[in-house]
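Everything on this sheet refers to the single structure shown next.
Here, each number is a calculation from the coordinates, and none is a lab measurement. In this text the structure is predicted, and so the values were computed from the model without any measurement. Glycine gets a Cβ as well: all are built from the backbone with ideal geometry, and neighbour counts include every protein chain shown.
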Amino acid sequence: MATAKPASPSPPPSTAVVPAANTAAAADKPAVEQLLEVAEDEVVIDFKPNAKCRADLRLRSLHPSLPVAFKVQTSSPLKFLVSPPRGAVQPLSSASLRVVLRPQQHAPASFPRSRGDRFLVLSSLSAAHLDSSASSSAATGGTTAIRLRVFFGGPYLLRLAAEAGDAAAVRLILRRQPHLLPLLEPEAAVPDGAEQWAPLHAAAARGDTGEVRRLGPDSMGARDREGRTALHVAAAAGEAEAAAALVDMGADAAATDARGRTPLDVAREKGYQEVVDVLERWELVMTAARRGDLQSLESLLSKRAGVRGRDQYGLTALHLAAIKGHCDVIALLAGSGCMDIECEDVEGHRPLHLAVEGGSAEAVELLLDMGAKVHAATRRGATPLQMAVTMGYEAIALLLRGRGADEAAAPALCIASSSSSSISCA
């Protein structure tokens with residue numbers, strides 16, 4: 001935790017300006033009033049090229065009765081933004097700041113620790129004193145200051161350092177961010193017979209969306225040693241675009257890791273709001289489709305990314321719209337090309353099967369008009385016509401027969417499936 005340090009004994013200055021770490025040098029000096037402390041000893045940035053990178057700082061007032069004014073300065077104002085750059089912390093209370101690194105095309109010239117980037121947190125009982133203080137030397141008017149260095153880390157730079165053979169940088173990043181170690185162990189074994197760390201995990205962790213899409217859904221079921229899917233890993237790394245790509249590829253957003261956390265839980269814990277937005281967008285799409293909320297759905301689909309997800313049963317928003325008979329939603333989802341009209345859940349039910357189950361002749365007719373296969377069968381062999389006959393939907397059965405459906409080869413008995421309540425033949 002970074003705090004203002006005591007000043008030298010002679011002559012006694014009115015302000016202490018000292019590094020955030022290195023307390024031993026001032027241990028035997030007379031104490032000056034410490035107004036503020038910073039929980040972090042460095043500004044830790046998870047760097048990603050061409051993206052805004054963020055870090056949070058937590059300030060705590062040490063004054064028992066008066067507000068402490070603060071002001072944050074940086075040696076690189078063209079690179080960094082601070083929000084808020086100044087303010088006041090109430091007595092013995094805390095406040096949070098956000099540091100934003102503007103998008104940078106290339107990796108930092110020096111990392112993990114930057115040679116040229118610094119932050120100065122000035123504090124005083126008088127806001128006017130902050131404006132009269134020098135930014136790079138001892139301040140005046142009872143102002144104390146804490147200097148913070150910048151540490152650049154994250155999956156991208158770890159990979160970059162490893163590929164360059166920079167063992168020192170790799171060690172420094174892992175010392176500060178040990179949770180990144182699995183990224184350097186792609187073949188590590190995992191317990192309970194689960195699959196090994198898949199290339200999809202590594203691509204998701206470093207935000208390589210092109211590689212994620214190239215690898216496709218074949219490795220989607222792989223888990224790491226902590227039971228995390230590739231979507232968990234993308235969420236933990238704050239890789240919103242990779243998370244959106246995985247959702248669109250059919251990643252199970254409801255999957256839980258060994259600790260019972262979903263990818264959304266992980267993103268919320270880490271404070272990665274962009275990932276949270278992607279995962280919540282998928283949930284909102286599913287809810288809007290279920291309710292037939294066309295206006296909300298149109299707004300969500302305009303964002304495109306992260307809207308074609310599936311639940312734990314493999315059901316898409318199109319499945320939900322079909323079983324509820326929301327024809328306008330079906331037309332939007334399938335007609336725009338956003339979702340495949342023949343998409344299947346884990347038991348092979350297509351939207352046409354669920355439209356039959358929902359008893360909506362209008363939805364069945366619309367799906368057929370849009371090209372749905374009238375003879376489509378589930379994994380247990382149930383066709384839409386068999387389902388309609390078994391459920392007693394005579395009008396729908398007549399409609400399906402009129403479109404060429406043939407029940408001659410239908411098994412005699414059909415039963416409801418356990419996952420989606422659809423009909424499957426025994």
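Once you charge only the Cβ atoms, +1 for Lys and Arg and -1 for Asp and Glu, what is the size of the charge dipole of the stretch 226-296 about its Cα centre, to the nearest 20 debye? Each step should come with its number before you reach the end.
On the way: 8 positive and 13 negative charges, 43 e Å.
Once rounded to the nearest 20, the dipole reads 200 debye.
Of all aspartates and glutamates in the structure, the ones whose alpha carbon falls short of 15 Å from that of Lys52, not counting any fewer than 8 places away in one chain, are Glu239, Glu241, Glu274. A simple charge model with +1 on the Cβ of Lys and Arg, -1 on the Cβ of Asp and Glu and nothing else charged puts the dipole of the stretch 230-349 at about 260 debye relative to its Cα centre.
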